[in-house]
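Working notes, beginning with the structure itself.
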Amino acid sequence: MKTDFIYRQFAWFYDLTFKHLLKGGHVETGRELEAGRCLRVAELGVGPGHSLPYYPDGTELYGIDVSAEMIEMARKRAGRFPNLKPCLEVMDAMNTSFPDDFFDVVISFSVITVVDRPESLLKEALRICKPGGRIFIIGRMKREGLLDKINQRLTSRLTMLLFGYRTTLDQKVYDSIAGDVKILERRRVNRIGPVSLSDMMILQKNEA
């Protein structure tokens, strides 16, 4: 699997750089979660655990990643947060072992743009989310506007050169689950000055 190979080779580099580049999305997602309420949350593609400090105390967190190296880093990082006791396991985000309708919230940070089958990630997130629950998908989406197009082309070429994948995604990918969710919001996150690196899609699974 392409992403598995990439993260085995570059887990250390990802841990060093993306902690800062993706922080904005972690902060904003944490704010969206309901403090004081014990939510059962799945994070698909938890990586080295950069998001862990931003979950409210009491969150019942299940974090998975295809990379054993990433999960080992996340487990070490989790020890710094005694009020959060996450279950961290090696698992494919597109084919998890979780039961249907199990989570109040499903989150995926910057995974949808690197997997081979983004529609499969969305369908799996939908499957394991409870009816009425929310799904947060953070990733780089195609945009209009000259500055965005220039930045998009540069960053896409850079990640293609370094890691072998592109960082752009057409919003039409959400058509695969359009009949089962309501799009609550599309928000730009992970800003560096005037440039936003990512888009957050907030979805709500339709009630049964």
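Which entries in Lys85/Lys182; Lys130/Lys182; Lys76/Lys123; Lys76/Lys130 show an alpha-carbon gap greater than 22 Å? Don't skip to the answer; put the middle values down first.
Numbers: Lys85/Lys182 31 Å; Lys130/Lys182 14 Å; Lys76/Lys123 30 Å; Lys76/Lys130 30 Å.
Table pairs above 22 Å Cα-Cα are Lys85/Lys182; Lys76/Lys123; Lys76/Lys130.
Estimate the FRET efficiency between Glu207 and Glu60 by the formula 1/(1 + (r/R0)^6), using the beta-carbon distance for r and 35 Å for R0, to the nearest 0.05.
The computed FRET efficiency comes out at 0.95.
How much length is gained on full extension from Cys38 to Ala68, taking 0.36 nm per residue of separation minus their Cα-Cα distance?
Here the answer is 8.0 nm.
Quote to one decimal, in nm, the extra length available between Leu184 and Glu119 on full extension: 0.36 nm per residue of separation minus the C-alpha distance between them.
Values: separation 65, 0.36 × 65 = 23.40 nm, distance 1.88 nm.
Net length gain for the segment: 21.5 nm.
Applying a 10 Å radius around every beta-carbon, put 106-113, 26-33 in order of their mean neighbour count, most first.
106-113, 26-33
Would you please state which residues of segment 175-208 a label at Asp101 would reach in this model, taking the label point 7 Å out along Cα→Cβ and a backbone N cut-off of under 12 Å?
Under cut-off, by backbone N: 206-208.
For Leu84, what charge total do you get from the other residues with a beta carbon under 10 Å from its beta carbon, if Lys and Arg give +1 and Asp and Glu give -1?
Within the 10 Å Cβ shell, the charges total 0.
Can you list residues from other chains, or at least 5 along the same chain, whose modelled amide H is less than 5 Å from the amide H of Ser198?
For Ser198, whose amide H was placed from the backbone, the distant partners under 5 Å are Val189.
Values in this text are rule-based calculations from the coordinates and carry no lab data. Nothing here was measured: the structure is a model prediction, and the numbers come from that model. When we count neighbours, we look across all protein chains shown, and the Cβ atoms used for this are built from the backbone with ideal geometry, even at glycine.
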